[in-house]
Each structure stands twice: as C-alpha cells, then as structure tokens.
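Peer 1: Below are the structure tokens for one structure; questions will follow.
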Amino acid sequence: MSTLDKLTQIDEVSVNGKSSRLPGFYKLDISERLEKLDDFFKLSTKEKWMLKKETLTAELADVMIENAVGVFGLPIGLAVNFKLNNKDYIIPMVVEESSVVAAASNAARLIRENGALTSESTDPIMISQIQIVDSPDPEAGKKRILEKKEDLLRLANKQDPVLVDLGGGAQDLDVRLLETESGTMIIVHLYVDTRDAMGANVVNTMAETLGPIIAEIADGDVICQIVSNYADKRMVKVKFVLDNVDCLARAGYSGEEAADRIIKAYHFADADPHRAATHNKGVMNGIDGVLIATGNDWRAVEAGVHAYAARDGRYRSVSKYYRDEKGKFVGELEIPMAVGIVGGVTNLHPGVKILLKVMNVETSMELAQVVATAGLIQNFAAIWTLATEGIQKGHMTLHARNVAIFAGAFGELAIKVANQMAHEGRVRYDRAKQILKPLLIKHREEEEQRKKREKK
C-alpha cells in the first residue's frame, strides 16, 4: 500500500449511531462522497448541491462585506476517525494545504485504536476592556468603580435580556491600574458569559454602554471599549493518552524510540521561539480549517493562542508531550478558544450552516473542544512525522498530487504520477511532465480502443 493510500485510508467510526466505515473514500468523486455523507446527516438535495457547486453567492457576499466583487473558493475536506469524550465526529476543514486532512485522520485513527481522547472547557466567558485615562486620582477612581459594580452589571445586562434569559450575561467586573507612557490608566474588565455565541458584538455593546458612565465615576476620559481576543477566561483543554507506545513505531524507530524523539522535539519547541512558531503553526493548521468551515473568527483565535503562548514573557509551545507516572504517552493542549454556533457568519453563510450540521455539535463549548482537538491531533501528526521519517516524505507525497495536476494529469493519472514522484523523491513539475507523457499516450490509445469496441 502506498503512503498516499495509508494516509487517506478511512477506518470505522460511528456518527449519529451509524457506521462510517468508508474504505476507498478518497477514490470516490465528489458526488459519491456527498452521497456517503448523506448516510450520516441526511443532507437535502439542495445542501449537497451547494457543497459541490456554490455555498456562497456573489449577491450574499455583497451583503457581508464592502466593495465585494465575487467569492473565493477553498477546498472543504472531512477529517475522520475522531472519537472525543466517547463521541464520534466527522470534522470539516476548509484548507488548501494537501496534507492536513489526511494526517489528522491518520493520527486520530491511531489514537482511537490505541488510547483515548478527552477534553473539557470552561464556561464561555468573554472579556471586554474599558480604558479610562486622565483620572486625577486613579486609585480613588478604581475604588468608586468597584463600589458601583453591581449597578454597572445590572446596566450591562439590560443591553441583552435574551442572553440573560439563556443563562448568560455580564457576570463580573474588575479594575486594575496600568502604568503606561501616557501615565496611569484605569482598565476595567467586564466578564460576560456569551453562551453559544462568540460574543464580540454583545460584549462591545455592553462596554460602550458602561464606558462613559465609568469615565464619569472615575472623573476621567474613556478611549477604548472593546472585546479582548486574549480570551483566557474561555479555555479548552484536550488530552490523549496512548496505552502502549508500540503504535508509534515508524521509519525504523521502535515505539519507545519514537516516543522519546517526539518528547525531545517538543522540548525544543518549548525552549526556542523560532521552533515554537512553526510548532504552533502546526496546531493552527488543524484549528484554522475548522474555524473557517464553521464561520468563526480564525484571526481572533490565532491572536489569542499566540498571546497565550507568550503569557510568561517568552513565546513557547502551546502543546506538550510527556510520559505519565504509568509510562503512558500523553499529548496535551490547553488554549483560549472563543467560538460560536450562533450569530455572525453562522447565521448568514449557507455553507457554514451545512458544515455545522456535519459537525453535529450542540453548544459553543462542545465546538471549542472539537476545534482544539483538531489542533492537537494535527500537531501530533506533524511532530510524530518530523521526529521519525521527516516531514517531507508524507507531505510531499500529498503535495505531489498538486504538482501532477498542475502538469496536466487528471484522475487516476494524477495519482500514478504523484506516487511515482513520491517514490523517487523528486516532486517537481518537470519530472511530472516526463512521467505523464507516456501515460497520456497510453491513456489515449486505450480510449480509442474503447470507442472502437463500442462502435462494434
């Protein structure tokens, strides 16, 4: 079996109580894959057509942004084999990098067969910041603000009574004094439970309502009243444990050796910012694709994750790998994760609505856990490969398909050209053209013979 086959082979999972044993899924055309997907989620004819042809029209794009001139497409892939907290997921990823979906699916299968994957998250608390400057007595201003805290929280919650009825709303408020080049500033943090929304709009509305009032209380001037994308009150933690490291054996390394190499590679990333940036990019390879697929603000999550990576003053790895007290191999990821399943683009983009249906998540907290899981598993897949066979072998095998297609190959011919280039270790446009030329001649001859037989 080729590396391409191994990376894209689908194993059995269960979604909505049905088996998702999909051997040869990658060999099907898009229409056939959509029919397979229909087995799980009962997509309507219109939904399947939209995924294949058009999930966003130019007319709707014109409503969503200014100066729209059209829409821009990216591939939607399905990462499979994910079993998190004993629930199976098929995870849609919108991503252009060829190795992401296959590598995540392969690593997820390894974990489900040899261990367990769990996650937990905090309540969906977002932070809004209110900046007060030029207070003549910042300490006294802070004290007066805190004395009015309950009144301020009540006023904030009047801005969104529906959210309060759903169990969310402004929960708390604190004040700190910040020394800056412009002098001492009063910074107020408003903590809002946004339930199933990402929540930027509601917390900004609350902050802009409270800002002038707080400025008056502190006898200062308000400048910024805005959500913080460093959502460190809205955390998610994902963890997998492998019962036996033998499953990590690869490229001539035993499982024990591979586990040791992975841990040392993690230690490198945790100690060196240059490596940490690429290591964490591997985490975001998994996260961003799911965020885009579900209409979430991937830029906000990126900013929060990278801020968290530097929370102690040095940029470091956000994932970690180690052996626990029983000697089991463990991978962990803990990051801020502000996502939503209602509001914003999730209400507007028809493709997002379909992919959230595919995700089969019920709350923003569940979505956060699935998104973070995709990040950890993608990072694990990358570091496992990096520490053993090297990143280029698997990556270039999949990248070879793109090169083959660019050289003019199609269908099975593209796979044949890609496999040969990967086997040779020469994934180049000129080599693809050389391999393709005799294959095309043979293909045309076979087509001509087929047509002659049909005429007879």
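Peer 1: Please find, within the stretch 418-444, the residue that is surrounded by the fewest Cβ atoms within 10 Å (Cβ to Cβ) out of those that are under 17 Å from residue 99 (Cα atoms) and among the hydrophobic types (A, V, I, L, M, F, W, C).
Peer 2: Among them, the one singled out is 427.
Peer 1: Follow-up. I need the full set of residues from the stretch 316-333 which are hydroxyl-bearing (Ser, Thr, Tyr) and crowded, with 20+ Cβ neighbours inside 10 Å, in order please.
Peer 2: 317, 319, 321
Peer 1: Follow-up question, since we're still on this one. Provide a single number: the residues in the stretch 82-111 that are within 24 Å of residue 386 (Cα to Cα) and aromatic (Phe, Trp, Tyr).
Peer 2: So the answer is 1.
Peer 1: Quick one: is residue 269 touching a residue at least 40 places away in the same chain (Cβ under 8 Å), within 15 Å of residue 383 (Cα to Cα) and in contact with an Asp or Glu (Cβ under 7 Å, 6 or more places away or on another chain)?
Peer 2: no
Peer 1: If you don't mind, there's one more thing I want to ask. Quick one: residue 250 ticks every box in (1) touching a Ser or Thr at 6+ places or on another chain (Cβ under 7 Å); (2) more than 30 Å from residue 324 (Cβ to Cβ) bar one, so which box is it?
Peer 2: Of (1) touching a Ser or Thr at 6+ places or on another chain (Cβ under 7 Å); (2) more than 30 Å from residue 324 (Cβ to Cβ), only one is false for residue 250: (2).
Peer 1: Here's another thing I want to ask about it. Which of the following residues is of a type in the set (A, V, I, L, M, F, W, C), closer than 28 Å to residue 332 by Cβ and either in the same structural domain as residue 336 (by TED's automatic domain parsing) or at pLDDT 95 or above (or both): 173, 110?
Peer 2: Exactly one of 173, 110 is of a type in the set (A, V, I, L, M, F, W, C), closer than 28 Å to residue 332 by Cβ and either in the same structural domain as residue 336 (by TED's automatic domain parsing) or at pLDDT 95 or above (or both), namely 110.
Peer 1: Any residue in the stretch 264-277 that is more than 23 Å from the chain's Cα centre (by Cα), within 30 Å of residue 204 (Cβ to Cβ) and surrounded by fewer than 24 Cβ atoms within 10 Å (Cβ to Cβ)?
Peer 2: Initial filter on the stretch 264-277 (more than 23 Å from the chain's Cα centre (by Cα)): 264, 267-268, 271-272.
Subsequent filtering for residues that are within 30 Å of residue 204 (Cβ to Cβ) retains none.
No, the stretch 264-277 contains no residue that is more than 23 Å from the chain's Cα centre (by Cα), within 30 Å of residue 204 (Cβ to Cβ) and surrounded by fewer than 24 Cβ atoms within 10 Å (Cβ to Cβ).
Peer 1: Could you please give the count of residues in the stretch 34-54 that are of a type outside the set (A, V, I, L, M), surrounded by 16 or more Cβ atoms within 10 Å (Cβ to Cβ) and under 22 Å from residue 73 (Cα atoms)?
Peer 2: Total satisfying the criteria: 2.
Peer 1: I need a count of the residues in the stretch 224-244 that are hydroxyl-bearing (Ser, Thr, Tyr) and within 30 Å of residue 107 (Cα to Cα).
Peer 2: From the stretch 224-244, those hydroxyl-bearing (Ser, Thr, Tyr) are 228, 230; that's our starting set.
After this cut, where a residue has to be within 30 Å of residue 107 (Cα to Cα) as well, the list is 230.
Residues flagged as hydroxyl-bearing (Ser, Thr, Tyr) and within 30 Å of residue 107 (Cα to Cα) within the stretch 224-244 amount to 1.
Peer 1: Within the stretch 259-282, work out how many residues are touching a strand residue (DSSP E or B) at 6+ places or on another chain (Cβ under 6 Å) and either among the hydrophobic types (A, V, I, L, M, F, W, C) or not assigned by TED's automatic domain parsing to the domain that holds residue 247 (or both).
Peer 2: Within the stretch 259-282, the subset touching a strand residue (DSSP E or B) at 6+ places or on another chain (Cβ under 6 Å) is 259, 262-263, 266.
If we keep only those that are either among the hydrophobic types (A, V, I, L, M, F, W, C) or not assigned by TED's automatic domain parsing to the domain that holds residue 247 (or both) as well, we get 259, 262-263.
Summing the residues that are touching a strand residue (DSSP E or B) at 6+ places or on another chain (Cβ under 6 Å) and either among the hydrophobic types (A, V, I, L, M, F, W, C) or not assigned by TED's automatic domain parsing to the domain that holds residue 247 (or both) in the stretch 259-282 gives 3.
The values are calculated or read from the model by the stated rules, or taken from the named source; none is laboratory data. Keep in mind that what you see is a predicted model, and the values were worked out from it rather than measured. Cβ coordinates were reconstructed from backbone atoms using ideal geometry, including for glycine residues, and neighbour counts include every protein chain displayed.
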